[in-house]
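The values are calculated or read from the model by the stated rules, or taken from the named source; none is laboratory data. Not measured: the values here are computed from a predicted model. A quick note on method: Cβ atoms are made from the backbone with ideal geometry, for glycine too, and the neighbour counts reach across all protein chains shown.
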Amino acid sequence: MLKIKIICVGKIGEKYLAEGIKEYKKRLSKYINLELIEVKDEPLPKKNNDKEIDKIKHIEGEKIKGKLDSNSHIIMLDLEGKQFTSEEFAKKIKEFENTGINKINIIIGGTMGLSDGLKRKADTLISFSKMTFPHQLMRLILLEQIFRAFKINKNEPYHT
């Protein structure tokens, strides 16, 4: 069974997001071995200057690196990544399975994004949109799209 580990910065603060994440974890349990890991986010700088932002991204990146599985395919969510339709994303997951990739680590950065050093470790960069979404909401969106991908790949109906 495919193992997907999602490594996220920060905790979920909103009850409705936590409930949605719990529901999709349950739905996905018949398709994959899913693990959600949270690393502590750094306090936001008082002023948005590049030096402080880079420092935060570096610290959070080091925390993320410590949670990566060896021999896993590393996917990072980033505005500069490739955009997929749901069908293309499903096909990509199927390709991973067909080529013997059985461990995938997916990274969702914090409020300030991902450091360049961390992004260099990515095997795949994915963007869900040209728009920016809150990193907490991205967990729910990502889980829904992974679930949708498995429904597509199994030719199972899915309309919600």
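Key figures for this structure:
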read-out: Residue match in region 120-127 (condition: surrounded by 14 or more Cβ atoms within 10 Å (Cβ to Cβ), under 22 Å from LYS11 (Cβ atoms) and not polar (S, T, N, Q)); value: no
read-out: Given (1) assigned to a loop (DSSP other than H, G, I, E, B); (2) touching an Asp or Glu at 6+ places or on another chain (Cβ under 8 Å); (3) within 19 Å of SER129 (Cβ to Cβ), index of the condition CYS8 fails; value: (1)
read-out: Filter result for the condition that a residue is small (Gly, Ala, Ser), within 25 Å of ILE12 (Cα to Cα) and surrounded by fewer than 13 Cβ atoms within 10 Å (Cβ to Cβ), over GLY109, GLY66, GLY100; value: GLY66
read-out: Complete set of residues in region 1-22 that are surrounded by 16 or more Cβ atoms within 10 Å (Cβ to Cβ) and closer than 19 Å to GLY113 by Cβ; value: ILE6, ILE7, CYS8, VAL9, GLY10, ILE12
read-out: Residues of region 111-151 satisfying the condition of being part of a helix (DSSP H, G or I), within 17 Å of ILE56 (Cα to Cα) and among the polar types (S, T, N, Q); value: none
read-out: Residue in region 132-140 that is in contact (Cβ under 8 Å) with a residue 24 or more places away in the chain, surrounded by fewer than 17 Cβ atoms within 10 Å (Cβ to Cβ) and out of contact with any Lys or Arg (no Cβ under 7 Å at 6 or more places or on another chain) present; value: yes
read-out: Condition broken by GLU52, with the remaining ones in (1) in contact (Cβ under 8 Å) with a residue 24 or more places away in the chain; (2) over 14 Å from ILE146 (Cβ atoms); (3) of a type in the set (Asp, Glu) satisfied; value: (1)
read-out: Leading residue by the ranking (surrounded by the most Cβ atoms within 10 Å (Cβ to Cβ)) among those in region 23-44 that are assigned to a helix (DSSP H, G or I) and among the basic types (Lys, Arg); value: ARG27
read-out: Selection within region 4-30 - more than 18 Å from ILE106 (Cα to Cα) and either in contact with a strand residue (DSSP E or B) (Cβ under 7 Å, 6 or more places away or on another chain) or hydroxyl-bearing (Ser, Thr, Tyr) (or both); value: TYR16
read-out: Counted residues, region 70-109 - those being within 26 Å of THR132 (Cβ to Cβ), not in a loop (DSSP other than H, G, I, E, B) and not basic (Lys, Arg); value: 20
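Results for (1) touching a Leu at 6+ places or on another chain (Cβ under 7 Å); (2) modelled with pLDDT of 95 or more; (3) within 19 Å of GLN136 (Cβ to Cβ); (4) of a type in the set (Lys, Arg), shown as yes or no for each residue.
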| site | (1), (2), (3), (4) |
| --- | --- |
| GLU38 | no, yes, yes, no |
| PRO45 | no, no, no, no |
| ASN49 | no, no, no, no |
| GLY61 | yes, yes, yes, no |
| ILE108 | yes, yes, yes, no |
